[in-house]
1. Could you tell me the ratio Rg/Rh of segment 4-135? Both radii from Cα atoms, Rh via Kirkwood.
2. Using a Debye calculation, one point per C-alpha and no hydration shell, please list log10 I(q)/I(0) for segment 2-48 at q = 0.13, 0.15, 0.16, 0.20 Å⁻¹ in order.
3. Using helices alone, what [θ] at 222 nm do you get for the chain, with -39,500 (n - 2.57) per DSSP H run of 4 or more residues, divided over all residues and rounded to the nearest 500?
4. Pairs of Cα atoms under 8 Å, at least six residues apart: use those to get the relative contact order of the chain, whole percent.
5. Using the Cα atoms of segment 233-278 to build a convex hull, what is its mean projected area in square nanometres?
6. In percent, what relative contact order does segment 2-141 have, based on Cα pairs under 8 Å that are 6 or more apart in sequence?
7. Amide H neighbours of A269 under 5 Å, at least 5 residues apart or on other chains, H built in the peptide plane: list them.
8. In sequence order, what are the phi-derived ³J(HN,Hα) couplings for segment 442-456 according to the Karplus relation 6.51 cos²θ - 1.76 cosθ + 1.60 with θ = phi - 60°, rounded to whole Hz, with x for glycine and proline?
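Throughout, read-outs are computed from the coordinates displayed, never taken from laboratory work. Computed from a predicted model, the values in this text were never measured in an experiment. Reconstructed Cβ throughout: ideal geometry from the backbone, glycine too, with neighbour counts over all protein chains shown.
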Amino acid sequence: MIQERILELVDYALTTGLVEKEDKLFTINKLLELFEVDDIEDATIEEYAKRPAMTQESAEAALEGILEDMMAYAYEHGIMKENSIVYKDLFDTKIMGCLMPRPSEVRARFKALYENESSLAATDYFYKLSCDSNYIRRQRIKKDQKWTTNTEFGTLDVTINLSKPEKDPKAIAAAKNAKQSAYPKCLLCPENEGYAGRVNHPARQNHRIIPLTINNSEWFFQYSPYVYYNEHCIVFNSKHTPMKIERATFGKILDFVEQFPHYFVGSNADLPIVGGSILTHDHFQGGHYTFAMEKAPIEKEIEFKGFSDVKAGIVKWPMSVIRITGPDKERLIELADKILLAWRGYTDEAAFVFASTDGEPHNTITPIARRRGTDFELDLVLRNNITTEEHPMGVYHPHAKLHHIKKENIGLIEVMGLAVLPARLKPEMEELREAILKGKDLRSTETLASHADWAEEFLAKYAAKGVQISEENIDDVIHEEIGLVFNEVLKCAGVYKCTEEGRRAFCRFVDTVNA
């Protein structure tokens with residue numbers, strides 16, 4: 001069986017372009033070595049040759065089964081230590097590493113496509129490579145649940161992330177007992193490229209990164225292994241240095257979209273609660289996708305003194321967004337820096353905005369850059385991470401009544417209108433679905449009780465409209481209501497609310513920038 005699977009995997013690599021014809025025998029031999037097999041019998045080769053030729057589509061469909069069979073063989077023969085998700089992920093990445101071109105080859109191909117064709121051709125090649133190499137696990141990502149919900153602010157995207165595997169108990173124990181290592185320092189460091197991994201750090205033999213120069217500094221470009229949207233990429237500093245929103249940040253993200261005008265790019269904020277999950281390594285996220293926030297119109301045009309050449313406005317969005325647009329990126333950098341510096345030091349007690357308390361800074365910005373034809377555009381999302389006794393996780397954070405759906409930080413992706421919800425919701429919503437359909441007590445279990453107030457509220461709403469909840473519509477109802485909860489989450493995270501009072505407070509800040 002293993003001989004046949006080796007031939008099949010090499011066929012996959014040839015079909016997808018991971019391996020050139022000249023490297024076929026070399027790749028077979030690398031796999032024979034990995035599986036401690038001496039040769040492939042002539043009869044196996046002859047029998048395999050009778051198979052129909054693979055296509056890209058059939059190759060993609062076959063990969064998961066090929067790898068599963070290979071790992072079963074490896075475990076049975078003592079080559080793979082444990083038959084569990086963490087060890088399997090380490091081992092199947094090692095398998096795919098045997099098929100990968102060297103980093104220099106990937107970078108040369110990317111550079112040639114960029115220079116001779118287009119930035120789009122270069123990213124198309126690199127994204128396909130990242131998928132074909134199983135670095136982006138297509139079969140897992142297909143399991144993610146995705147839908148949209150229409151709101152007064154546009155169509156929000158919702159996903160329940162099921163592609164990130166949970167660690168098994170043996171791996172957790174092994175990680176606890178493993179020698180602590182500072183190499184690589186984090187998941188975004190360049191040293192991850194080709195790294196074998198360990199029980200407390202993912203394998204990256206199938207991982208490649210592209211060097212970039214943005215704003216005269218050395219950065220790298222890669223894709224996220226857990227793509228939340230099309231071509232979800234990460235642009236990260238070549239050095240392990242903390243996140244920081246400053247004037248240079250605006251220069252970097254605008255330089256990136258000048259080089260890759262078909263992508264947006266943005267940065268998480270640089271403070272806890274309102275920032276992303278990784279604050280220790282300076283990085284941005286981008287991709288080839290249009291979010292609801294990008295489609296949101298200007299609600300109120302504003303002017304900044306000395307910047308009559310830059311269009312500006314407050315965006316109709318539940319979070320507090322200033323959008324500035326113009327053809328000269330240096331002017332946008334200058335204005336964005338002025339807004340940032342004003343916001344860092346801004347306090348408005350009437351609006352419950354405090355620049356700092358007890359020496360702890362609270363104000364920062366989540367910036368997003370894109371191209372609009374020949375214009376550059378920056379969305380500057382005002383953030384504040386102050387906490388109170390009533391809201392210990394953050395005043396401008398999902399409030400406690402919404403935690404049954406979303407309690408994690410509202411980072412860049414959520415800010416733009418895509419809810420990334422935890423995997424726990426899949427079984428929880430299945431339990432709720434059954435309880436509603438069978439008329440069970442919505443407080444009969446701990447899981448149901450956590451969603452009971454919400455469920456009773458929306459069931460009453462549909463009952464008032466004369467809508468009967470049934471097997472045919474319950475999934476749509478639950479999806480719709482989760483999306484509406486996310487809409488409320490974004491409203492919570494908005495420093496200035498979308499009310500007359502909120503807009504007056506927002507304009508007071510704009511006046512301060514102009515003072």
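1. Details: Rg = 15.9 Å, Rh = 15.9 Å.
Expressed as Rg/Rh, it is 1.00.
2. Debye output, listed in q order: -0.26, -0.34, -0.39, -0.61.
3. -13000 deg cm²/dmol
4. Dividing the mean separation by the residue count of the chain yields 13 percent.
5. Details: hull surface 14.4 nm².
Result: 3.6 nm².
6. So the answer I get is 27 percent.
7. For A269, the qualifying residues are G276, L412.
8. Values, residue by residue: 6, 10, 7, 10, 4, 5, 4, 4, 5, 10, 4, 4, 4, 4, 4 Hz.
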